[in-house]
1. Return the single residue from 91, 69, 218 with maximal mean-square fluctuation; model: Gaussian network over the chain, springs between Cα atoms under 10 Å.
2. For all pairs of alpha-carbon atoms in region 1-147, what percent lies in each bin of width 10 Å, listed from the first bin to the last filled one?
3. In what sequence, largest accessible area first, do 108, 39 appear using a 1.4 Å probe?
4. State, to one decimal in nm, how far the label point of residue 228 lies from the label point of residue 111, with both points 7 Å from Cα in the Cβ direction.
5. So what's the angle, to the nearest 10 degrees on a 0 to 90 scale, between helix 211-220 and the longest Cα principal axis of the chain?
6. Please give the FRET efficiency for residue 211 paired with residue 159, using the beta carbon to beta carbon distance and R0 = 22 Å, rounded to the nearest 0.05.
7. Karplus couplings for region 124-132 from phi (6.51 cos²θ - 1.76 cosθ + 1.60, θ = phi - 60°), rounded to Hz, Gly and Pro as x?
8. So for the pair residue 182, residue 94, with labels modelled 7 Å out along Cα→Cβ, what separation do we get in nm?
Amino acid sequence: MKQMPLTIENRWDILYRDFPEIYDEFASVPKDPQPLQVLINRFDFQGKVVADIGSGSGLPSFEFARTARKVIGVELEDAMRELSERERSLRGLNNVEFVKGDARNIPLPDNSVDIVTGITLAIYPVDGYRAFVRESVRITSVGGLIVMINITPGWYGGELADIISNDIETDTMQDEILVGELGFLFEDFETNQEYGSMDKIIRTYGFIFGRKAIEYLRGNKKTNVKWRFRIHYKNVEK
């Protein structure tokens, strides 16, 4: 039986591998406004073929499938992909599929999609974003779009960024690569995530972000977290 620690202290590799259900519950907590809805309202997904890179438990892929013609979720972690496949079957979706693959070596043909998405896509080391963008350009048709949502620099863990750990560095290098080097544009927006109970925020957000976060949440009887997200986007020209 899987032993359940109080927290994984920001070890996302352990979260994806061993506790995909907790990640799914965390990702499913409503935000106002919902980041994916912000994205869908901002860009045209109607009738498009979408490659959702780092699709995780499948939640973004399912949301895109409401308007897209087809969505291909690409996920390296087996446990996450199995979770998304189960959910796809439960939802009865026939315009979504999931394949195993890495953001730096996307297993799709050249010019095969209209949009590439990366929703809170984490690539380490950060210079791997160059390979991700190179692969995204390869698989996207001319005039298509590469678009990502990530945490705005300085907002890791949302408004508790300064509390979580002084040892966690914000990846400004991601912006240096995407904006400064590769020509992406960006827009920021804020959102609020309400967990509804102390128990739920501790077993999801606290489980992921660590003891300092748990102590702060309990001490302040706090059941919501404010976030700031950054949309990076670029039209594909070849």
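The values are calculated or read from the model by the stated rules, or taken from the named source; none is laboratory data. On a predicted model such as this, the values are computed, not experimentally measured, just so you know. Cβ placement follows ideal geometry from the backbone for every residue including glycine, while neighbour counts extend to all protein chains displayed. Heads up: the accessible areas ignore ligands, DNA and RNA and are worked out on the full protein's heavy atoms, side chains in. Shrake-Rupley method; radii C 1.70, N 1.55, O 1.52, S 1.80 Å.
1. 91
2. With 10 Å bins starting at 0, P(r) equals 11, 41, 36, 10, 1.
3. My answer, sorted largest first, is 108, 39.
4. 4.2 nm
5. Here the helix axis deviates by roughly 60 degrees.
6. On the way: r = 18 Å, r/R0 = 0.80.
Given R0 = 22 Å and the Cβ-Cβ separation, E is 0.80.
7. So the Karplus estimates, Gly and Pro as x, are 10, x, 4, 5, x, 4, 4, 5, 4 Hz.
8. 3.6 nm
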